[in-house]
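Trainee: This is the structure I want to talk about, given as structure tokens.
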Amino acid sequence: MNDFLFSDFLEDQTTYGALQAYWHARLAFLDGQCAPYLRTAFANGQPFYDGNPIVNLADRNASKAARIVQQCPLEFGPCYTSFEQAIELADGDGHRPAREKVIVLTLTADSAQRAEEELRAWFMPG
């Protein structure tokens, strides 16, 4: 049996905000090293509320970025996958090449721990 966390995040904006706070607290070890690199709201400021991404972080000094795409557990059931790809990060002079780790999951205590460990290894190797 899977114990999904924040399972109604796509239907309830309060739950969505609580979910974002959960991830922020969980990944606080990256504060000061990483900052968001993707827009998560429309031009009028209305958030997307779609879970893509629920988290996005970039370490521009290391030319690395990561995002977590959270899926609806009712639609996708238990899932976890990750991959890396080449992207370009915006900087003051245009864009520069970078590597991005993308994690796609439905949230359980186990998948959160796995994502945290994967992001720790990605941003803090060695």
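Trainee: Mind counting the residues in segment 58-88 that are farther than 21 Å from Leu10 by Cα, open to solvent by less than 70 Å² (accessible area, probe 1.4 Å), of a type in the set (A, V, I, L, M, F, W, C) and within 16 Å of the chain's Cα centre (by Cα)?
Mentor: 4
Trainee: Checking the conditions here, which among Thr14, Thr40 is without any contact (Cβ under 8 Å) to a residue 24 or more places away in the chain and open to solvent by less than 70 Å² (accessible area, probe 1.4 Å)?
Mentor: Residue meeting the stated conditions: Thr40.
Trainee: How many residues does segment 43-57 contain that are at pLDDT 95 or above and either touching an Asp or Glu at 6+ places or on another chain (Cβ under 6 Å) or surrounded by fewer than 12 Cβ atoms within 10 Å (Cβ to Cβ) (or both)?
Mentor: Selection size over segment 43-57: 2.
Trainee: With respect to the numbered conditions (1) out of contact with any helix residue (DSSP H, G or I) (no Cβ under 6 Å at 6 or more places or on another chain); (2) open to solvent by less than 40 Å² (accessible area, probe 1.4 Å); (3) touching a residue at least 40 places away in the same chain (Cβ under 8 Å); (4) under 13 Å from Leu5 (Cβ atoms), which one is the sole condition not fulfilled by Ser111?
Mentor: (3)
Trainee: In segment 93-101, is there at least one residue being touching an Asp or Glu at 6+ places or on another chain (Cβ under 8 Å), open to solvent by 40 Å² or more (accessible area, probe 1.4 Å), modelled with pLDDT of 95 or more and over 18 Å from Glu11 (Cα atoms)?
Mentor: yes
Trainee: With the condition being acidic (Asp, Glu), I'd like the strands (runs of 3 or more DSSP E) fully within segment 11-126 carrying at least 2 qualifying residues.
Mentor: Here the list reads 80-91.
Trainee: Given the conditions (1) out of contact with any Pro (no Cβ under 9 Å at 6 or more places or on another chain); (2) surrounded by fewer than 13 Cβ atoms within 10 Å (Cβ to Cβ), report the number of the one that Cys34 does not fulfil.
Mentor: Just one mismatch for Cys34, condition (2).
Trainee: Quick one: would you say Ala28 is open to solvent by 50 Å² or more (accessible area, probe 1.4 Å) and of a type in the set (A, V, I, L, M)?
Mentor: For Ala28, the condition - open to solvent by 50 Å² or more (accessible area, probe 1.4 Å) and of a type in the set (A, V, I, L, M) - is not met.
The values are calculated or read from the model by the stated rules, or taken from the named source; none is laboratory data. Just so you know, these numbers come straight off a predicted model, no measurement behind them. In this analysis, Cβ positions are derived from the backbone assuming ideal geometry, glycine residues included, and neighbour counts consider all displayed protein chains. For the accessible areas, the whole protein counts, side chains as well, though only heavy atoms, and no ligand, DNA or RNA atoms are used. Shrake-Rupley method; radii C 1.70, N 1.55, O 1.52, S 1.80 Å.
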